[in-house]
Amino acid sequence: MIRKTRLYTPGPTPLLPAAQFAMAAADMHHRTPEFRALFQKVLEQLKIFVGTQNDVLLLSSSGTGAMEAAVTNLTSPGDKVLVLTAGKFGERWTGLTKAFGCVPDVVSAPYGQTFDLAEVRAALKPEHKAVFVQATETSTAVRHDIEAIAKLIKEAGSQALLVVDGITGLGTTHFDVDGWGIDVLIGGSQKAVMIPPGLAYLSVSERAWTAMETTKNPRYYFDLRKERKNAAKGESAYTPAVALIAGLGAALDYIAGQAGGDLEKGRIALVNNAQVNAEATRAGLVALGFTLFAPTAPAAAATAVAVPEGMDSSDVVKALKMRFALVAANGQGEMRGKLFRVAHLGFFDYLDTIALLGAMEHIAKDTLGLPVKFGQAVAAAQEVYASTTKA
């Protein structure tokens, strides 16, 4: 039997062929009219993809670079901030804010859960300059209620800036960026936009731009004001990742093409696709006897699955790779060995979901020894698909 490698990790995700072709052909210099036209087009497309009238900037970095930029541009040493954390990426906000001299108050939720809004409300103080949170906690496949958190901040009369890591949230979650009042929303190239790692993008509100005029933390490469000034001319402040930007343009064109050329509708379709595939995957895995790690607040970007007591999720990940060349993600940190994660964001479709569940039936039966009847996971997914889509 031949085996095709299939990537089911929540980043990097499978690459869009059209984007690969665009990257291969991107031999332009970055200080030319040709590139400026591409760069300006992509920045305008990103505003539609994010769903905002605010400026959207591109950085040649991973998503963590944009997270750092949010901290350094919006805070000063000694500032009090509020960090909401429920996993490894929430903990990254804590580390970043401390690294740049902020004093974070932290509201934590157990791994696999989301926040108690009453605890968030009680923790929010008038002196907090910013609130940092994930839209999706990728390490546990939990979705946080950003709309409710934004509403809470407004109702409290707080002037804190709302900074959201949407790196796996964008393209899998519906956001009303301007209506809710999200001041910074961060995305990454290796997620729902289906290209390799190396680009981060972020929307920045006018409130955030105003705050940057008085904040004192050091910044050089990640100086957002410098990037804004250069973006107005169709350039980046420093040498950009030209090929990745060409690939991003092709990916955004593809997303628009899925809705007759309308990028906003294409974005909505991309989110809905992730949500249906996530729901179908959850139904299939539960039918096999697995327990969802985040049952009350599941994300559409990925599904985290707890293995039965006494078993090791590493065995599932290894078996999928060895038998089917299917690459899933283990748990991170203290969750390694306790759960595995499979993704739904970006270039995944319904038939990818069926393929995954068919493979999982074999692994559940032969590797884990579960009492599996072939077809039961696939049938459960088919029921979800039939009930949520039209023929």
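The values are calculated or read from the model by the stated rules, or taken from the named source; none is laboratory data. All values reported here derive from a predicted model rather than from experimental measurement. Please note: Cβ atoms are built from the backbone with ideal geometry, for glycine as well, and neighbour counts cover all protein chains shown.
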Q: Within segment 137-150, identify whether any single residue is within 29 Å of GLU334 (Cβ to Cβ), acidic (Asp, Glu) and assigned to a loop (DSSP other than H, G, I, E, B), and answer yes or no.
A: yes
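If you scan segment 257-275, which residues turn out to be farther than 10 Å from THR172 by Cα and either in contact (Cβ under 8 Å) with a residue 24 or more places away in the chain or among the basic types (Lys, Arg) (or both)? Give the derivation first.
Residues of segment 257-275 farther than 10 Å from THR172 by Cα: 257-266.
Selection gives LEU263, GLU264, LYS265.
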Q: Quick one: which residue in VAL184, VAL164 is surrounded by 24 or more Cβ atoms within 10 Å (Cβ to Cβ), free of Cβ contacts under 8 Å to residues at least 40 places away in the same chain and of a type in the set (A, V, I, L, M)?
A: VAL164
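Go through segment 339-378 and count every residue that is outside any helix (DSSP H, G or I) and either surrounded by fewer than 19 Cβ atoms within 10 Å (Cβ to Cβ) or not basic (Lys, Arg) (or both). Spell out how you get there, then give the answer.
Here is the first cut: in segment 339-378, the ones outside any helix (DSSP H, G or I) are 339-349, 367-375.
Remaining after also requiring either surrounded by fewer than 19 Cβ atoms within 10 Å (Cβ to Cβ) or not basic (Lys, Arg) (or both): 339-340, 342-349, 367-375.
Looking only at that region, the number is 19.
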Q. Restricting segment 104-128 to residues that are more than 26 Å from THR173 (Cα to Cα) and in contact with a helix residue (DSSP H, G or I) (Cβ under 8 Å, 6 or more places away or on another chain), which is surrounded by the most Cβ atoms within 10 Å (Cβ to Cβ)?
A. PRO104
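Listed residues GLY78, GLY112, GLY101; which is assigned by TED's automatic domain parsing to the domain that holds GLY166, under 15 Å from ALA294 (Cα atoms) and outside any helix (DSSP H, G or I)?
Working: GLY78 fails: under 15 Å from ALA294 (Cα atoms); GLY101 fails: under 15 Å from ALA294 (Cα atoms).
That would be GLY112, the only listed residue that is assigned by TED's automatic domain parsing to the domain that holds GLY166, under 15 Å from ALA294 (Cα atoms) and outside any helix (DSSP H, G or I).
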Q) Which one of these does GLY101 not meet: (1) under 22 Å from GLU334 (Cβ atoms); (2) surrounded by 15 or more Cβ atoms within 10 Å (Cβ to Cβ)? A) (1)
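Take segment 344-368 and flag every residue that is among the polar types (S, T, N, Q) and closer than 16 Å to ASN273 by Cβ.
Taking segment 344-368 as the starting set, the residues that turn out to be among the polar types (S, T, N, Q) are 353, 367.
Answer for segment 344-368, where residues must be among the polar types (S, T, N, Q) and closer than 16 Å to ASN273 by Cβ: just THR353.
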Q) Restricting attention to segment 141-158, does a residue exist that is among the polar types (S, T, N, Q) and out of contact with any His (no Cβ under 7 Å at 6 or more places or on another chain)? A) no
